[in-house]
Each structure stands twice: as C-alpha cells, then as structure tokens.
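Notes follow once the structure below has been shown.
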Amino acid sequence: MSPAPTRQLVIAGGGTAGWMTAAAAARFLEAGWRITLVESDAIGTVGVGEATIPQIRLFNAGLGIDENEFLGATQGSFKLGIEFVDWFQPGQRYLHNFGEVGRGLGLVPFNHWWAAARAAGQARDYGHYSLNERAARANRFDRFAGDATLPPLVWAYHFDAGLYAAFLRRRAEAKGVVRVEGRIARVERAGETITALVLDDGSRIAGDLFVDCSGFRSLLIGEALGSGWHDWSHWLPCDRAVAVPCANTGDFTPYTRSTARPAGWQWRIPLQHRIGNGHVFASAHMSEDEATAILMANLDGEPLAEPRTLRFQAGRRDKVWIGNCFAVGLSAGFLEPLESTSIHLIQSAIARLLKLLPGDAAQMAVLAAEANREAAREMEWIRDFIILHYKANQRQDWPFWRIAADMKVPVELAERMALFAATGRIRRDHDELFTELAWSQVMIGQGLSPATHHPLADGLSADDLGGFLGLIDRAISGAVAAMPSHADFLARHCPAPRKAA
C-alpha cells in the first residue's frame, strides 16, 4: 500500500496566535502533515496580552515545555489572580483569584457557609479564606501542592508576548515548521475553498487547510471569505487602549491589577524586566490625549518607550470556520483583556481545530458547523462575564459608569445575576470557561450581595461556623508564612538572562 499523500497546513500570520498554532500542530499532527507559516517582518503584531489564566499551563505542558525554562526565556512571573481596584465604588478593591475560596461542607458550596457566618458576625471578607489571595497580598509564591486541610495554590503567568512567540517559534522550527517571510498580497480561492496564498513577491503557498492568524485584519476568514461580524460595543464600549512599559519599582506582585478610570480601566502586569501598563477606554467618553495623560501619570516607574495606541471593537466573527479556513485569535473576534482571556481564546481555538481536524475534504462542512457553534458559545459566555464587571458597579462620579450600571444586559447574564442576588446560587452551563467560584468572587466583589443563603447552611451554630472558618484561616496563615517571596522564588528557579532585559 502506498503511503497517504502529505497534506499542507498553512498558517497566515505569526505573533502569539501563529506560533502557538504552529507549535501545537508540530507537536500533535501526524507525520503526514507539512506545516508552513507565512509572516512578514514589515507587519507589526498586536500584543494580545501579557497576562494569562491557569489553562495556559495545560498548553505548555502538552508541548513538553519546562516551566522554569519558559519563564526565564519570556521574562515571566507568576500570577495568582486579578485585583480589581475602584470597580464597585472608589476606594474599594477585591481579588478574583484562581484558587479555591474556603471549602464546601456536604452539598453546600463555601459561599453559602460564608454568607451564614457573615450574617452572624463570624466572618471576614470572602477572599480572606483563599490561599491564593492571601499569598498574593503578601507577595509570596511557592508551588504548594495542597494538603489535608488546604487545596493547592493555582497559578497562571505574566510574560512578554513577543518573547513567548519567539520561544515557540524556536520549538516549532526545530520540529520541522517552515517559516516563509513575505506579505500576503492575494488569496486564491475556488468558492469557499482557499487554494493558495500569493505573496507580494509573486510566490505562491498552496495548502489543504489554512489557519487565519492575521489579527484584526482577518485577511482570510473576514476579507477573503466574508465572515460577518457581531458587534458587541453596545455592551462593551471600550474601543481604544494606550500601552506603555515602565521600569520596575516597589512590590513585585504575583497578580495583575485592573484599576477603574473615568472612562475605562488601567492594567498593571509585572514582569521580571519591566511592568506592562495600559489604559483601556471608550473614545466616546475620553480623548486619546486624556487617556494617555492618565496612564502616564499612574506608572510605577520611568516609561521605557513611547506610548502606543490600539484600536479595536468588541465582537466576534459570525463563522470562524468556512470552507478549509479556520480562524484563530484576533481574526476570530476580540474581547477586551479584562479577565486575561485573549491568549486562552487562542489556546481553545487550537484545541478545537485539533479535536475537529478533518480526515478529508468531505468532512469539512459538518465539522465547521460544530466548530462555529462551539466558538460562538464560548465567546458569549466570556463576554457576559466581562459585562458583569461593568454592570455591577455603584459608581456615580462619571457618566461612563452610570451608563454601564443602567444598561440592559444579555438575557442569560440578567438571569444569572437575579439568581445569585435572590438565593446566592450560581448557574454554570456545561463546559464554559468561568467556574461557579469565579462568578461568586466577582459578584461578591462587585457588591452583589445575596438576599439569603442555602437553608442547609443554617445547620451549624454561629460558634461552629466561626470555628470552621477559623480552622481555614489558621491553615492559610501557616502555609503563606512558609512561602518565599515572589521575587526570591523567581530569582532562585526561573531567572531571566540579563541580556534579555
């Protein structure tokens, strides 16, 4: 029997999306595939984010990446959660952390026991019962695996996205991925089937399956194949971001910070060689000059570059798979980086492509329909979680925030909020990204207090509830005290080479 012919996978675009796709394809596709990535050094990439969520660890582990090596190569640091400052009201802050908060008893989740204890005057703030939060507040970190009393510490990363792309490129090329330098001038197609990419020098890159990693331009799925656009700017009106790195000063925090501003919010992401900063804002409420001035006035240290502005619109493509073309990253849609989901959406799209990889052209249509359904639901679930942060605010000082609090939100989000406000219960659908724990932290942090708690949480006396919470409190205190500082852990295990700085 003669061997099956080699199939051609062509990736249009580099950056984080392109090289994550290339590295994963090189690792998991069978030997019958040849992988080519086309990118141009003349076209800059959009930094889709330097902060991640814990699922990135699964992606790296699947590629066999050593965590210490990866963090050193990307000037990375650990991330235990996201701190939200002034979102509910000025002067208030909370942390959406990645680890467990407390622990449930029987069938009742911890947030109900906490609410019962709070009503009895026996509880501190919700986050006080989280190992992740207490370690983050103390600027400490260790690879704590959990014990009989406490769940494990859960982490993600901050890293330089450009260095991450370069790190993955080296691995992908070592496994046979071919990079072609050039600007895509034209897309050849026959109906909804792309046959080749034609570069500006006239060369032609033919393929069987194409992955669009061309960023906001969406060169293949949008321009060539005409996938429509679902505009979500009426719910998420921020459409600009000014970004600038600055020098490291002060505490080396193992968490991202998001601080509310008059017409949006500012991010702070600590890396080993610098701090990443950005101001996401709505141009209908603030000029670019005003946004830049606010950002530059709120840096930890000296700026290390000139600020740059990104323009975007929240929304998604109607279809992420048309014919033999699959969109990954910004070409498929965009949600502001409030919950650090940009790189995760790249990761989940790659996983979806590999899961639904067609055996032949005849399977394309039915697999594309499933991919489009899954991608749409995933984006909508994440969209609603981000909208929650804006909707559940009680700020009265700026029109942007008053409008956000008054807006009509998607039906499913309104139902979730109503259920929690009335009963403290949380609905989570199927395999959506954010868990009940994530929803409870943001709802409680944003001041959405339930009217009551689960009736089974009344089964313990106030003293017993206090004792239960005290046990958790003491266990967390001991675990955090035994951890080294975040800076010391990185210096010992994951130091970045000096020349990279």
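Coordinate-derived values only; no laboratory data. Since the structure is predicted, the reported quantities are computational estimates derived from the model, not experimental observations. Ideal geometry is used to build each Cβ from the backbone, glycine not excepted, and the neighbour counts take in all protein chains shown.
Quick notes on this one:
- Taking a ≥ b ≥ c as the square roots of the eigenvalues of the Cα gyration tensor, an a/c ratio of 1.5 or more together with a/b no larger than b/c marks the stretch 160-235 as oblate.
- Tail beyond 25 Å, pair distance distribution of the stretch 328-476 (Cα, percent): 47 percent
- Rounded to whole numbers, the Karplus 3J(HN,Hα) couplings from phi for the stretch 294-301 are 5, 4, 5, 7, 10, 9, 6, x Hz, using 6.51 cos²θ - 1.76 cosθ + 1.60 with θ = phi - 60°, and x at Gly and Pro.
- Normalised by 2.2 N^0.38 Å, where N is the number of residues, the C-alpha radius of gyration of the stretch 90-139 stands at 1.21.
- For Thr195, distant residues with modelled amide H under 5 Å away: Glu188, Arg189, Ala190
- Expected-Rg normalisation [2.2 N^0.38 Å, Cα atoms] applied to the chain: 1.01
- For a label point 7 Å along the Cα-to-beta-carbon line of Asn68, residues of the stretch 138-171 with backbone N under 13 Å: 143
- Taking amide H as placed 1.01 Å from N in the peptide plane, Gly333 has its amide H under 5 Å from the amide H of Arg317, each at least 5 places away in sequence or on another chain.
- For the stretch 406-414, the Karplus equation 6.51 cos²θ - 1.76 cosθ + 1.60, evaluated at θ = phi - 60°, returns couplings of 8, 5, 7, 9, x, 4, 4, 5, 4 Hz by residue, with Gly and Pro reported as x.
- Axis of helix 15-28 versus longest Cα principal axis of the chain: the two differ by about 80°, to the nearest ten degrees.
- Alpha carbon convex hull of the stretch 23-84, volume per residue in cubic angstrom: 131 Å³
- Once the convex hull of all Cα atoms in the stretch 391-484 is built, its volume per residue stands at 187 Å³.
- Prolate/oblate/rounded call for the stretch 436-501, Cα gyration tensor, a/c under 1.5 rounded: oblate
- Taking every C-alpha pair closer than 8 Å and separated by at least 6 residues, the mean separation divided by the residue count of the chain gives a relative contact order of 22 percent.
- Across the stretch 131-258, the fraction of Cα-Cα pairs farther apart than 23 Å, rounded to a whole number, is 63%.
- Quotient of the Cα radius of gyration of the stretch 347-408 and 2.2 N^0.38 Å, N being its number of residues: 1.77.
- Calculated translational diffusion coefficient of the stretch 48-203 (10 °C, 1.306 mPa s; Stokes-Einstein with Kirkwood radius over alpha-carbon pairs) equals 81 µm²/s.
- By the beta-carbon count within 10 Å of each Cβ, the least crowded to most crowded order of Met417, Met20, Met407, fewest first, is Met407, Met417, Met20.
- Taking all Cα-Cα distances within the stretch 283-330, those exceeding 17 Å account for 57%.
- Whole-percent pair-distance distribution, where bins are 10 Å wide, for the alpha carbons of the stretch 188-345: 10, 31, 27, 20, 11, 1
- Legend: ranking of residues Cys325, Cys246, Cys213 from fewest to most surrounding C-beta atoms inside 10 Å; resulting order Cys246, Cys325, Cys213.
- For Arg140, the residues whose modelled amide H falls within less than 5 Å of its own, excluding neighbours fewer than 5 places apart on the same chain, are His486.
- The alpha-carbon positions of the stretch 378-428 define a convex hull whose volume is 74 Å³ per residue.
- Counting beta carbons within 10 Å around each of Leu310, Leu236, Leu460 and listing the fewest first gives the order Leu310, Leu460, Leu236.
- Filter on Lys319/Lys408; Lys79/Lys391; Lys79/Lys175; Lys79/Lys408 - keep pairs with C-alpha separation over 28 Å: Lys79/Lys175; Lys79/Lys408
- Bridge type composition, the chain - antiparallel percent by DSSP, nearest 5: 70 percent
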